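Note sheet for the following structure.
The values are calculated or read from the model by the stated rules, or taken from the named source; none is laboratory data. What you see is a predicted model; the values in this text were computed from it and never measured. Because the Cβ atoms are built from the backbone with ideal geometry, glycine has one as well, and the counts that use them run over all protein chains shown.
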Amino acid sequence: MNYSDALLKEILTRTKRIAVVGVSLNQVRPSYYVARYLGLRGYSVIPVNPVHEGAQVFGRDVLGSLSQIEGGVDMVDIFRRSEAVPEIVEEALACFPDLQTIWMQVGVEHAEAAAMAEARGVTVIQNRCPKIEYQRLHGELRMGGFATGMISSKL
């Protein structure tokens, strides 16, 4: 799917509070380091994973479901297999009347769930990573998708 840079930048600018569904406690898992990165960039990240409910990550309690989140969220970032998406989208739409964005991670797509959210006026991004898009749009992305923080004259 093609999304304009303007749309992606608008989403990443207007978003303040993100529920990350499927967050891992394992530091080498993408769901861990993407959520951590977003938190370091100033987003309020709410970790959601029923397997790790009650554990701590990034100084926050992991919640078992979206319905346990107090207050709204602007974005639900989904780190689950595509077949799990409809249930997550249904819960998100029921819990957050002002939800702005459903974001499905790289490899995650579900056309029917996306259509359901879009019918409610929610922007849907599929098969993309907000960390990668944030880095790309803010000049942080280097070869291989990593911001090394190292300056080198080697080509």
Please tell me if S67 is touching a His at 6+ places or on another chain (Cβ under 9 Å) and of a type in the set (G, A, S).
no
Can you work out which of the residues in the range 39-91 that are under 21 Å from Q135 (Cα atoms), in a loop (DSSP other than H, G, I, E, B) and at pLDDT 95 or above is nearest to the chain's Cα centre (by Cα)?
F79
Selection from the range 92-102 of residues that are part of a helix (DSSP H, G or I) and surrounded by fewer than 17 Cβ atoms within 10 Å (Cβ to Cβ)
A94
Just to be sure I understand the filter: pairs with C-beta atoms under 7 Å, separated by 6 or more residues or on different chains, first member in the range 104-116 and within 11 Å of D77 (Cα to Cα), second member assigned to a helix (DSSP H, G or I) and not charged (D, E, K, R). Which pairs pass?
M104/V85; V108/S82; V108/V85
Just to be sure before I move on: is R80 surrounded by fewer than 22 Cβ atoms within 10 Å (Cβ to Cβ) and out of contact with any helix residue (DSSP H, G or I) (no Cβ under 7 Å at 6 or more places or on another chain) in the structure I sent?
no
If G54 satisfies every condition in (1) more than 27 Å from H138 (Cα to Cα); (2) among the small types (G, A, S); (3) in contact (Cβ under 8 Å) with a residue 24 or more places away in the chain but one, which is the exception?
(3)
For the range 57-77, pairs from a residue that is within 14 Å of E87 (Cα to Cα) and touching a residue at least 40 places away in the same chain (Cβ under 8 Å) to a residue that is surrounded by 15 or more Cβ atoms within 10 Å (Cβ to Cβ) and polar (S, T, N, Q), with Cβ under 8 Å and 6 or more apart or across chains, are V76/T101; D77/Q105
Name the residue that is nearest to the chain's Cα centre (by Cα), counting only residues in the range 109-138 that are assigned to a loop (DSSP other than H, G, I, E, B) and surrounded by fewer than 21 Cβ atoms within 10 Å (Cβ to Cβ).
R128
Given (1) in contact with an Asp or Glu (Cβ under 8 Å, 6 or more places away or on another chain); (2) closer than 22 Å to H110 by Cα; (3) free of Cβ contacts under 8 Å to residues at least 60 places away in the same chain, identify the lone condition not met by L8.
(3)
Using the structure shown, decide if L141 is assigned to a loop (DSSP other than H, G, I, E, B) and either modelled with pLDDT under 95 or loosely packed, with under 14 Cβ neighbours inside 10 Å (or both).
yes
